[in-house]
1. From the mean inverse distance of alpha carbon pairs (Kirkwood) and the Cα radius of gyration, derive Rg over Rh for the range 66-202.
2. Rounded, prolate or oblate: pick one for the range 148-285, where a ≥ b ≥ c are the square roots of the eigenvalues of its C-alpha gyration tensor, a/c under 1.5 means rounded, and failing that, prolate if a/b is larger than b/c, else oblate.
3. How big is the equivalent ellipsoid of the chain along its three axes, where each semi-axis is √(5λ) from the Cα gyration tensor, reported in whole Å from largest to smallest?
4. Which shape class, rounded, prolate or oblate, goes with the range 71-133 when its Cα gyration tensor gives a ≥ b ≥ c as root eigenvalues, a/c under 1.5 marks rounded, and past that a/b bigger than b/c marks prolate?
5. Just round it to a whole percent: the fraction of Cα-Cα distances in the range 5-124 exceeding 21 Å.
6. Report the Cα centroid-to-centroid distance between the range 12-65 and the range 122-169 in angstrom, as an integer.
7. Once every DSSP H run of n ≥ 4 in the chain is given -39500 (n - 2.57) and the sum is divided by its residues, what mean residue ellipticity at 222 nm do you get, rounded to the nearest 500 deg cm²/dmol?
8. I need to check one value: relative contact order of the chain, counting alpha carbon pairs closer than 8 Å and at least 6 residues apart, in percent.
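Laboratory data are not the source of any read-out in this text; all were calculated from the coordinates shown. Note that the structure is a prediction, hence the values are computed from the model and not measured.
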Amino acid sequence: MDSGVVISEVDPLDPANEPVLHAMWDVSAAARADRPFEVWAPWTTAYATWTTVRDDQDDVMWAATVDGVVVGMGWLVMSHMDNQHVATTELFVHPDHRRRGIGGSLLAAVVERSRAGGRTVLMTSPYSPVDRPGAGEAFLRAHGFEVGIAEMSRVCDLEESEPTWPALAERIAPDHADYRLEAWQDRIPEPFVEGYCQLGEAFNDEAPLGDLDLGAEVWSAERVADRDARFLATGRRQFGVLAYALDGTCVATTELFVNDVASWRALQGGTLVLPGHRGHRLGLALKLVNLRAVRERYPDCRHVFTVVAGVNAPMNAVNDVLGFRDVERALEMQLRL
Ligand SMILES: CC(C)(COP(=O)(O)OP(=O)(O)OC[C@H]1O[C@@H](n2cnc3c(N)ncnc32)[C@H](O)[C@@H]1OP(=O)(O)O)[C@@H](O)C(=O)NCCC(=O)NCCS
């Protein structure tokens, strides 16, 4: 245990804390420097996010300092919308200050606050090289976390993938001819909100979750509007496609996010095709429409990142066709509190 470490809660909404928050972000960046790609929010986005007042979740942040210098950070999120037994966290310690108990001290603060918030399970997602456990996974196992589901972070190089899209789209068009595809950007148009919410609520029942102690999410028009406004205000551009069956039911969704100040990459959000509508190549069709939209608006967008469970064979098959390759192991881990 590093006796010199001080763990202090930092209120992101206090403007006087901007310098310490910046130092915390810098530490988080140093802690990620050995990863193959930087997929976290850039500083300006992170600061805009941390300083956004939210009533749908509690955010708590801590700085770990040694001799007044920030060497670690912790971030705890507790949602009020659904899964109110769950807390999620991110922890970072600068590589020069590891194995001295600083991560453990930050985790102790996170655990205590999660319990005080009535949470019974703490979740986090460490990233490791594809072929061996990284520091985060080792640290979490040492603290009693267990794997809820094993996933893989995968990347697609759009410059290589794009030339294949026209032939792919033509080949699968007859398979999904009975469905209407509706693309949207930034804000979900009002006529699509209801279907989008239904799929959002079905998601956790339909996607593989392994042993993760997660229940269904709760979605409403108000939650969608809040999320869309927050993303616009923090420079995150949303790209989505929905599929409707002939009877007007919304049966499939996919979404991607591009950050205005890091538009070289897009991050894949959820993709879901309801069970009765699988086998019509909707997953691939939706993704092709969405990828095209991203390239039209952000021609410099080169890479798309996704995180998919190893056991999710249909999603991995779609991504294989698009040229995704494995870059990191991404475990979803949880600790009973
Ligand atoms: C994970 C992380 C926060 C740990 O910070 P830390 O200050 O080094 O952690 P601690 O010193 O408290 O480690 C406590 C115990 O965890 C285990 N541990 C931590 N890092 C380890 C590693 N690289 N290899 C094996 N075990 C490790 C050990 O049992 C260690 O005790 P020991 O040093 O007495 O053997 C830090 O490595 C990091 O920032 N990693 C990148 C971000 C990340 O993966 N975060 C976790 C998921 S949110």
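1. That ratio equals 1.10.
2. Numbers: a/c = 1.23, a/b = 1.06, b/c = 1.15.
Here the range 148-285 falls in the rounded category.
3. 35, 21, 20
4. Details: a/c = 2.75, a/b = 1.54, b/c = 1.78.
Oblate shape, in that a/c is at least 1.5 and b/c is the bigger or equal ratio.
5. Within the range 5-124, distances greater than 21 Å cover 38 percent of Cα pairs.
6. Each part's Cα centre sits 22 Å from the other's.
7. -10500 deg cm²/dmol
8. Relative contact order here is 22 percent.
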